[in-house]
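Below: one structure in structure tokens.
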Amino acid sequence: MQDDPPLPSFAAIVVAAGQGLRAGQPLPKQFAIWRGKPVLRHSVDALLASGAEPLVIAIPTGAEELARAALKGLDGFMLVEGGDTRQQSVARALAAIDSAKRVLIHDAARPDLPRQVIERLLTALDGHAGAIPVLPVVDSLSIDTDGMMSGSAPREQLRRVQTPQAFRFSAIRDAHQAWQGEPTAGDDAQVLRAAGERVAHVPGDERLAKLTFAEDFMAVLPPVRTGMGFDVHRLVAGEELWLGGIRIEYEKGLAGHSDADVALHAIVDALLGAIGAGDIGSHFPPSDPQWKGASSDRFLIQAGRLVDAAGYFTGNIDLTIVCEAPKIGPHRDAMRARIAELLGVDIGAISVKATTTERLGFTGRGEGIAAQAVATVLRK
Ligand code: CTP
Ligand code: MG
């Protein structure tokens, strides 16, 4: 892979000193986990990878331990205490930078920061004191007065503004010091404009969307998931043989704590695997007397319920039973029908296959039966 071309030198500020309340997370949103790591860490990683130096992070009073935990293992950043408003947090971070030519000011709440946006901003700074990433407005706009439309706004001229915002350092530092306005500015570009400077627009990126509400933290479920299951039970005299959800007349039966239906157990594990919900033993522990002699139907019905609760339904099941005897072929369709019934799916979604192991191994000697299954589940 080719290395990215070097960028001009720049300092960076990440503001992470808000309360992050609207997101309703157990931690302030900037420290909550999103796509596998703390929100703040995403943009800090991206800025460090682009060579930001120095990198100043504004955090809430008393949050140093949280911030250090979120950034564990990284260096090349400095923490400062933020203020009551975003603007104050930025001003304090700016004051912590001795000198720099350019500075990028970014919301921690926008974790997904593409390098291309940083490049565009720094390039635009060649000709202007400020540059900001913007996106078009696609909906028409209505001005609301007490729940009634009182006018409209020209969508063509309006832009949605994101961060990072890029500035010549001395220009934005001076503009923040000179700021008089109330209420506080929504962003730093407004502060620079108030000081009479020009701000260029560069294309933003939808990936930079700000995490604000609880739903922004919900992972999108993958549309299809797959699981596999495998099980073995011993064949012994004096037991009933239950296999694939039906009773089969045979000289031996499977031994185990429940009815030992090895085929249903493999399917249960495949379904639990598809939704990442552990295995049959964790849901129906053999140590629990309520499962002694239990019909495995109950396990499969419960697995189906768990699939449903996870937001999925069973797409298909492919089961292979491994034994020398009894012959499975004559029972195949009865098994398919029963499994389909227990899972509430069409019989066409259930495949039952069988094989011997050429008289090799424990299945070949008739000491036990093995089964394996693959399940796919589909997002509802
Ligand atoms: N911010 C800050 N200092 C403040 C207020 C906000 O550094 N006094 C930062 C936030 O941490 C966030 C960014 O400014 O990265 C944008 O603010 P917002 O999305 O409103 O975040 P919060 O104020 O933290 O969230 P909420 O309004 O839901 O409480
Ligand atoms: Mg806020």
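If you go through the stretch 83-129, how many residues are more than 16 Å from ligand 1 (Cβ to nearest atom), within 33 Å of the chain's Cα centre (by Cα) and acidic (Asp, Glu)?
Qualifying residue count, the stretch 83-129: 1.
Here's a check for you: in the stretch 347-376, which residue that is over 18 Å from Arg234 (Cα atoms) and among the β-branched types (Val, Ile, Thr) is surrounded by the fewest Cβ atoms within 10 Å (Cβ to Cβ)?
The qualifying residue surrounded by the fewest Cβ atoms within 10 Å (Cβ to Cβ) is Ile347.
Find the residue count for the stretch 188-198, including only residues that are farther than 21 Å from Lys101 by Cβ and in contact (Cβ under 8 Å) with a residue 12 or more places away in the chain. Spell out the reasoning first.
Within the stretch 188-198, the first condition is being farther than 21 Å from Lys101 by Cβ, and the residues that meet it are 190, 194.
From what's left, in contact (Cβ under 8 Å) with a residue 12 or more places away in the chain: 194.
Qualifying residue count for the region: 1.
In addition: So, in the stretch 152-182, how many residues would count as being surrounded by fewer than 13 Cβ atoms within 10 Å (Cβ to Cβ), assigned to a helix (DSSP H, G or I) and among the small types (Gly, Ala, Ser)?
Here the count works out to 1.
Here's another thing I want to ask about it. Only one residue in Asp139, Asp84, Asp75 is part of a loop (DSSP other than H, G, I, E, B), within 16 Å of ligand 2 (Cβ to nearest atom) and free of Cβ contacts under 8 Å to residues at least 40 places away in the same chain, so which one is that?
Details: Asp139 fails: within 16 Å of ligand 2 (Cβ to nearest atom); Asp75 fails: within 16 Å of ligand 2 (Cβ to nearest atom).
Of Asp139, Asp84, Asp75, the one residue that is part of a loop (DSSP other than H, G, I, E, B), within 16 Å of ligand 2 (Cβ to nearest atom) and free of Cβ contacts under 8 Å to residues at least 40 places away in the same chain is Asp84.
Separate question: Tally up the residues in the stretch 211-258 that are part of a loop (DSSP other than H, G, I, E, B), loosely packed, with under 14 Cβ neighbours inside 10 Å and within 16 Å of ligand 2 (Cβ to nearest atom), please.
2
Determine which single condition Arg68 fails, assuming it passes every other condition in (1) away from ligand 1 (no atom under 14 Å from the Cβ); (2) over 23 Å from Ile132 (Cα atoms); (3) surrounded by 16 or more Cβ atoms within 10 Å (Cβ to Cβ).
Every listed condition holds for Arg68 apart from (3).
Out of Ala185, Ala189, I need the residue that is assigned by TED's automatic domain parsing to the domain that holds Pro133, out of contact with any Ser or Thr (no Cβ under 7 Å at 6 or more places or on another chain), hydrophobic (A, V, I, L, M, F, W, C) and not in a helix (DSSP H, G or I). Which one? Quick ask: steps written out before the conclusion?
On the way: Ala189 fails: not in a helix (DSSP H, G or I).
Within the list Ala185, Ala189, the selection yields Ala185.
Checking Gln290 against (1) surrounded by fewer than 15 Cβ atoms within 10 Å (Cβ to Cβ); (2) modelled with pLDDT of 95 or more; (3) not charged (D, E, K, R), only one condition comes out false. Which one?
Exception for Gln290: condition (2).
Report every pair of residues separated by at least 6 positions or lying on different chains whose Cβ atoms are under 8 Å apart, first residue within the stretch 91-118 and among the polar types (S, T, N, Q), second part of a helix (DSSP H, G or I).
Every condition considered, the pairs that remain are Ser99/Phe169.
Somewhere in the stretch 48-55, is a residue within 17 Å of Arg110 (Cβ to Cβ), assigned to a helix (DSSP H, G or I) and away from ligand 1 (no atom under 16 Å from the Cβ)?
So far as the stretch 48-55 goes, yes, one or more of its residues are within 17 Å of Arg110 (Cβ to Cβ), assigned to a helix (DSSP H, G or I) and away from ligand 1 (no atom under 16 Å from the Cβ).
Which one of these is closer than 24 Å to Ala214 by Cβ and surrounded by fewer than 21 Cβ atoms within 10 Å (Cβ to Cβ): Pro60, Pro111?
Exactly one of Pro60, Pro111 is closer than 24 Å to Ala214 by Cβ and surrounded by fewer than 21 Cβ atoms within 10 Å (Cβ to Cβ), namely Pro60.
Now for a separate question. I want to confirm something. Restricting to the stretch 1-47 and keeping residues that are surrounded by 12 or more Cβ atoms within 10 Å (Cβ to Cβ) and of a type in the set (S, T, N, Q), which single residue is farthest from ligand 2 (Cβ to nearest atom)? Break it down into steps so the answer makes sense when it comes.
The initial filter retains those residues of the stretch 1-47 that are surrounded by 12 or more Cβ atoms within 10 Å (Cβ to Cβ), namely 4, 7-18, 20, 22-25, 27-34, 37-47.
Then keep just the ones that are of a type in the set (S, T, N, Q); that gives 9, 25, 30, 43.
Details: Ser9: 31, Gln25: 14, Gln30: 11, Ser43: 17 Å.
Looking at the filtered set, the residue picked out is Ser9.
Same structure again: Taking the residues in the stretch 311-327 that are out of contact with any Gly (no Cβ under 8 Å at 6 or more places or on another chain) and without any contact (Cβ under 8 Å) to a residue 60 or more places away in the chain as candidates, determine which candidate is surrounded by the fewest Cβ atoms within 10 Å (Cβ to Cβ). So that I can check it myself, show each step before the final result.
Here is the first cut: in the stretch 311-327, the ones out of contact with any Gly (no Cβ under 8 Å at 6 or more places or on another chain) are 311-313, 315-318, 320, 322, 326-327.
From what is left, the residues that are without any contact (Cβ under 8 Å) to a residue 60 or more places away in the chain are 317-318, 320, 322, 327.
Working: Ile317: 26, Asp318: 17, Thr320: 18, Val322: 22, Lys327: 13.
Here the residue is Lys327.
The values are calculated or read from the model by the stated rules, or taken from the named source; none is laboratory data. Just so it is clear, the model here is predicted, and its values are computed rather than measured. In this analysis, Cβ positions are derived from the backbone assuming ideal geometry, glycine residues included, and neighbour counts consider all displayed protein chains.
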